[in-house]
Amino acid sequence: MRKTTFLKELKEIEIIIKKCDTCHVAMVDKNNKPYLLPFNFGYHEGTVYLHSDPKGKKIDVLKNNPSVCINFTADHELFRQNEKVACSYGMRYRSVLVYGDVEFIDNFDAKVDALNIFMKQYVAHDFKYSDPAINNVCVFKVDIKNFMGKMYDHESLE
């Protein structure tokens, strides 16, 4: 029997977030149209850290409306009950949606701290950054206001 499990604790969704190497950030532009982009990210204690070029549509959209929904998915696995019956196929997965508002980080040292959190998602050490590298990147964070997590056909979070 296939089973959907809803996740209710922040520590549960953190396990899924840490498994991901990208997330998708949904925002709404000034014409009230959805805008969705993939991002690399960092995560630490209820906050998602993102970065980008300081110019472009996403920055304009986020400055106009900082509310976002961020999607994380992991552990996708195709299954089937009968190879010849299309409706018997399905996908196991773990997914998280987090909601919050973008806050831009302008302070030099705070940007370095955020970028180190960002890099720890992918590698296990801190880095040195040049002044131009920090001054020419837009760094922002999203404190998680609320979240939804779900697993389909997985027994545990491991």
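Divide by every residue of the chain the summed helix terms, -39500 (n - 2.57) for each DSSP H run of at least 4, and state the resulting mean residue ellipticity at 222 nm, rounded to the nearest 500 deg cm²/dmol. Numbers along the way, then the final one.
Working: 4 runs with 36 residues, N = 158.
Computed ellipticity for the chain at 222 nm equals -6500 deg cm²/dmol.
Largest first and in whole Å, give the semi-axes of segment 1-45's equivalent ellipsoid, each being the square root of 5 times a Cα gyration tensor eigenvalue.
After diagonalising the Cα gyration tensor, the semi-axes are 26, 16, 11 Å.
In whole Å, what are the extents of the chain along the principal axes defined by its C-alpha atoms, from largest to smallest?
Per principal axis, max minus min of the Cα coordinates gives 58, 41, 28 Å.
Amide H neighbours of D29 under 5 Å, at least 5 residues apart or on other chains, H built in the peptide plane: list them.
The list, which skips near neighbours in sequence, is Y35.
Once the Cβ-Cβ distance between Y122 and A26 is put in as r, and R0 is 22 Å, what FRET efficiency do you end up with, to the nearest 0.05? Each step should come with its number before you reach the end.
Numbers: r = 23 Å, r/R0 = 1.03.
Given R0 = 22 Å and the Cβ-Cβ separation, E is 0.45.
So for the pair D143, D101, with labels modelled 7 Å out along Cα→Cβ, what separation do we get in nm?
A separation of 1.0 nm, rounded to one decimal place.
Lys/Arg Cβ at +1, Asp/Glu Cβ at -1, dipole of segment 4-151 taken about the Cα centre: which of N32, I17, V137 is farthest positive-ward?
N32
What chymotrypsin sites (Phe, Trp or Tyr not before Pro) in segment 94-133 are in a loop by DSSP, with at most 12 other Cβ atoms within 10 Å of the Cβ?
Sites meeting the loop and neighbour criteria: Y122, F127.
Any chance you could count the Lys pairs in segment 63-158 whose alpha carbons are under 14 Å apart, treating pairs 8 or more apart or on different chains as valid?
On the way: K63/K141; K111/K128; K111/K141; K120/K128.
Lysine pairs, 8 or more places apart or on different chains, close enough: 4.
Taking the Cα-to-Cβ direction at V85 and at K8 and moving 7 Å from each Cα, how far apart do the two end points lie in nm?
Taking the two extended label points, one gets 3.4 nm.
If I fit a long axis through the Cα atoms of helix 108-120 and take the longest principal axis of the Cα atoms of the chain, what angle between them do I get, 0 to 90°, rounded to 10?
20 degrees
What do you get for trypsin sites (Lys or Arg not before Pro) in segment 1-108 restricted to DSSP loop and a cutoff of at most 14 other Cβ within 10 Å of the site's Cβ?
Counting only loop positions with at most 14 other Cβ atoms within 10 Å, the trypsin sites (Lys or Arg not before Pro) in segment 1-108 are R2, K3, K8, K30, K55, K84.
Could you give the length gained by full extension between S67 and I134, i.e. 0.36 nm per residue of separation minus their alpha carbon distance, to one decimal place?
Full-extension gain reported as 21.7 nm.
Each value in this text was obtained by applying a stated rule to the coordinates, not by laboratory testing. None of these values were measured; they are calculated from a predicted model. Virtual Cβ from ideal backbone geometry, glycine too; neighbours counted across all protein chains shown.
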